[in-house]
Amino acid sequence: VFVTEKEEVTKEGWERHVAHSKLAAPLTVEETDQAGLREVEARETGGTGSRKGHTKVDALKKEEGVVEGLRELTKEGSEGLLVQLKFDLPDETLRLASSTPSVSPSDLASTLSKADPRLSFYSFPSPSSEPQILYIYTCPTASKVKERMMYSTSKTFTRLIAQESAGVVVAKSIEASDPGDIDVAELESEFGAKASGEEQTTSTSRGFARPKRAGKR
């Protein structure tokens, strides 16, 4: 055991070391999403065999056209398709904001909404025979508090809707305050590696910027 202070080898110091060693490592965006999905699925089974219970996945209001738009991502030739979903407040209904075909990776940031939060699905062009779908949660720092809460608490359920109702398999999850934070070069490197058969288990996120204090620029 490496220590820097004499106090660390005391009984109290050792107990702090043991407690710190037991702390779970920080989760990546993808691991957090997967944990959320497992939790939702566990609630649906209700611990009583295969019987499904009523969860927010069922209760989440969605406009006609959302599932149909997501299904387009699973079709042959969908590479470059960007499907953006939004919540209309105050009725909290999930709607199809836009469906844009043939979006190149270099145009992804400029095509995503910079003014409003979005839950987006993008079929990343890749040499892989399987669609490489990115799930992108963007939330500008100027977004209202209610918008932040709505999108943050609904992003896992929205992904589950895409997975169960439209057959969308997400290859990677990304979160960012600004679409320009998305590292396209890193994505191209990662999906190129997947196409060549190398296993990729990491999930990166530039994360959200801390909101500015009121009255300051």
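The values are calculated or read from the model by the stated rules, or taken from the named source; none is laboratory data. Note that this is a predicted model, so its numbers are computed, not measured. Glycine also receives a Cβ, built like all others from the backbone with ideal geometry; neighbour counts cover every protein chain displayed. With ligands, DNA and RNA removed, areas are computed over all heavy atoms of the protein, side chains included. Shrake-Rupley method; radii C 1.70, N 1.55, O 1.52, S 1.80 Å.
Just to verify a result, which residue in region 115-146, among those that are in contact with a Pro (Cβ under 6 Å, 6 or more places away or on another chain) and farther than 13 Å from Leu85 by Cα, is surrounded by the most Cβ atoms within 10 Å (Cβ to Cβ)?
Out of the qualifying residues, it is Ser123.
Checking the structure you have, find out if any residue of region 68-80 is modelled with pLDDT under 90, touching a strand residue (DSSP E or B) at 6+ places or on another chain (Cβ under 8 Å) and not in a helix (DSSP H, G or I).
no
Can you tell me which residues in region 163-173 are of a type in the set (A, V, I, L, M, F, W, C) and either surrounded by fewer than 19 Cβ atoms within 10 Å (Cβ to Cβ) or not in a loop (DSSP other than H, G, I, E, B) (or both)?
Once the filter is applied, which keeps residues that are of a type in the set (A, V, I, L, M, F, W, C) and either surrounded by fewer than 19 Cβ atoms within 10 Å (Cβ to Cβ) or not in a loop (DSSP other than H, G, I, E, B) (or both), region 163-173 yields Ala166, Val169, Val170, Ala171.
Looking only at region 174-183, which residues are without any contact (Cβ under 8 Å) to a residue 60 or more places away in the chain and open to solvent by 50 Å² or more (accessible area, probe 1.4 Å)?
Of everything in region 174-183, just one residue is without any contact (Cβ under 8 Å) to a residue 60 or more places away in the chain and open to solvent by 50 Å² or more (accessible area, probe 1.4 Å), namely Asp183.
Among the residues of region 78-99, count how many are open to solvent by less than 60 Å² (accessible area, probe 1.4 Å) and under 21 Å from Phe191 (Cα atoms).
Counting residues in region 78-99 that are open to solvent by less than 60 Å² (accessible area, probe 1.4 Å) and under 21 Å from Phe191 (Cα atoms) gives 5.
In region 98-118, which residues are among the acidic types (Asp, Glu) and either within 23 Å of Glu63 (Cα to Cα) or not in a helix (DSSP H, G or I) (or both)?
Answer for region 98-118, where residues must be among the acidic types (Asp, Glu) and either within 23 Å of Glu63 (Cα to Cα) or not in a helix (DSSP H, G or I) (or both): just Asp116.
List pairs: first residue in region 130-154 and among the β-branched types (Val, Ile, Thr), second residue surrounded by 12 or more Cβ atoms within 10 Å (Cβ to Cβ) and part of a helix (DSSP H, G or I) anywhere in the structure, Cβ distance under 7 angstrom, at least six positions apart or on different chains.
From region 130-154, the pairs are Ile133/Leu73; Thr138/Pro179.
Of the numbered conditions (1) part of a helix (DSSP H, G or I); (2) at pLDDT below 90, Leu160 fails exactly one; give the number of that condition.
Here Leu160 clears every test but (2).
Regarding region 54-70, can at least one residue be identified that is in contact (Cβ under 8 Å) with a residue 40 or more places away in the chain and touching a Pro at 6+ places or on another chain (Cβ under 8 Å)?
no
Look through Glu186, Glu147 and report the one residue that is out of contact with any helix residue (DSSP H, G or I) (no Cβ under 6 Å at 6 or more places or on another chain), at pLDDT 90 or above, over 21 Å from Leu108 (Cβ atoms) and not in a loop (DSSP other than H, G, I, E, B).
One residue alone meets the criteria, Glu147.
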